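Below is one structure, written out as structure tokens; comments come after it.
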Amino acid sequence: MHIAVIGTGYVGLVSGTCFSEFGHEVICIDTDKEKIKSLNNGKVPIFEPGLQAMIEKNAKAGHLKFGTDLKEAVANADAVFIAVGTPSRRGDGRADLTYVYAAAKEIAAALNGYTVIVTKSTVPVGTGREVGRIVQEANPSAEFDVVSNPEFLREGAAIEDFMRPDRVVVGTTEKRAQDVMSAIYRPLSLSRTPLVFTSIESSELTKYAGNAFLATKITFINEIADLCEKVGANVHDVARGIGLDGRIGSKFLHAGPGFGGSCFPKDTRALFETSSDVGAPLKIVEAVININETRKRQMAARITEACGGSVAGKIIAVLGLTFKPNTDDMRESPSLDILPALITAGATVRAYDPEGMDEARPLLDGVEFCQNSYGTLENADALVIITEWNEFRALDLTRVKSLMKTPVMVDLRNIYDPADMTDKGFAYTSIGRPI
Ligand code: NAD
């Protein structure tokens, strides 16, 4: 199969690379010339474990190419995947579909023979039909079908998720398009990955329903954690106790500072707007959005409390800035709420993140960025762990304590043991685990 992927962000680049690993001929297109230039020079513009090696291998074998010429790529393709961004539209929280529709128009003009146009971007119900309308209008003689094929990969584990997904959802009822999609995903069906064929609408909604459910699960355990603190229970034990129930499952039951990232916040907002527009407002999702926003803001107050009621004039060392480990993605990370609030309250904030510093710098004015974990700690009044990178799980705590002015630790990811930390002489606060 010849595949063109439009947009080389976290999803487009991973999808295109994995399709080439499946054995297809892939060209990835982006309007960002710098991105394409760096990819053609062997430099991967994002941090995603395993991606660099897979790109090198397939590019060298000639199966994976990068370019800016959408026209030629689309003309030669059996399937064109739209993987451009769908950020929150400023002001109303709806998905901004400008990039999707712009790509659709460009694709329309370049179609050559029967082509399947696939929306891999997360798009609200109705977008696939609108893409079809745009293409038809721009190129009435074009032979094409529009298919929805949402992506469920997680940043930080994207290659593994793409190569071994729980399922692949394909929204089309057209036999010809189903055959093309089956051929593309054939290596996965050989390993018994279910291909779930649905209507376009069901597929589009499946993606949002999935993300909203996971965001709800996180928010639920976060609220249980708050309750644990009030009643002297331990959220780890409660999460384990409920998670072992097969009907509930143990994933996404880790209490923390609130969800962030490139998907959950924007997708819950967009889903709520869609549901309101059609007169079936999802009240659970609305509550999740509001609780999570409030929670992220509350984290600075938690840190202030751990510092004795004020952070003014204090040095706060922060470890972890990205919204989760193993990515450089800073989109809607809790750190973007927490650090500015601490600075506004008069703190000096020093921070370190293993991969997110380049992304973080332009977003976090007034923060001193350090070279490593220990570099943040000298004379610090408190240490705050915001992202659970592995390297923060095994800090030399004797060294940490000796570097700090006062051994106050606020562990927003529960990566240390409260009793152990108290034994080691730390004033230790975590989430939902009273000492
Ligand atoms: P991104 O912002 O990292 O990348 C989008 C890319 O598209 C950019 O490089 C941009 O330059 C390019 N682009 C925009 N318009 C273009 C055009 N007309 N032609 C060519 N390139 C164009 O976005 P992302 O995180 O990869 O997300 C893409 C989509 O996938 C979104 O809808 C997102 O919701 C969805 N998604 C993301 C994830 C994730 O973990 N990031 C997971 C599942 C689904």
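The values are calculated or read from the model by the stated rules, or taken from the named source; none is laboratory data. This structure is a prediction, so every number in the text was calculated from the model and none was measured. Don't worry about glycine lacking a Cβ; one is built from the backbone with ideal geometry, like all the others, and counts go over all protein chains shown. Heavy atoms of the whole protein, side chains included, go into the accessibility calculation; ligands, DNA and RNA do not. Shrake-Rupley method; radii C 1.70, N 1.55, O 1.52, S 1.80 Å.
What to note about this one:
- Taking amide H as placed 1.01 Å from N in the peptide plane, Lys65 has its amide H under 5 Å from the amide H of Val26, Ile27, Cys28, each at least 5 places away in sequence or on another chain.
- With contributions of -39500 (n - 2.57) from each DSSP H run of at least four residues, the per-residue ellipticity at 222 nm computed over the chain stands at -13500 deg cm²/dmol.
- Per residue solvent-accessible surface (Å²) - the range 304-435, probe of 1.4 Å: 41 Å²
- In the range 22-149, Cα pairs under 8 Å separated by at least six residues give a relative contact order of 22 percent.
- Length gained when the stretch Thr294-Ala419 is fully extended (0.36 nm per residue, less Cα-Cα span): 42.1 nm
- Against the chain, whose longest principal axis is taken from its Cα atoms, helix 264-277 shows a tilt of about 60°.
- Local net charge near Ile46, Cβ-Cβ under 9 Å (Lys/Arg +1, Asp/Glu -1): -4
- For the range 176-294, the solvent-accessible area with a 1.4 angstrom probe is 50 square angstrom per residue.
- Against the chain, whose longest principal axis comes from its Cα atoms, helix 175-184 is set at around 50 degrees.
- Volume of the convex hull of the chain (Cα atoms only), normalised per residue: 150 Å³.
- Split the accessible area of the range 2-198 by element, probe 1.4 Å, and carbon with sulfur accounts for 49%.
- Fraction of accessible area attributable to carbon and sulfur, the range 208-289 (%, probe 1.4 Å): 63 percent
- The mean of 1/r over all pairs of different alpha-carbon atoms in the range 208-289, once inverted, gives a Kirkwood hydrodynamic radius of 13.5 Å.
- Sites Ala233 and Arg176, calculated FRET efficiency, Cβ-Cβ separation with R0 51 Å, nearest 0.05: 0.35
- At R0 = 35 Å, FRET efficiency that the Cβ-Cβ distance of Asp32 and Ile242 yields, to 0.05: 0.20
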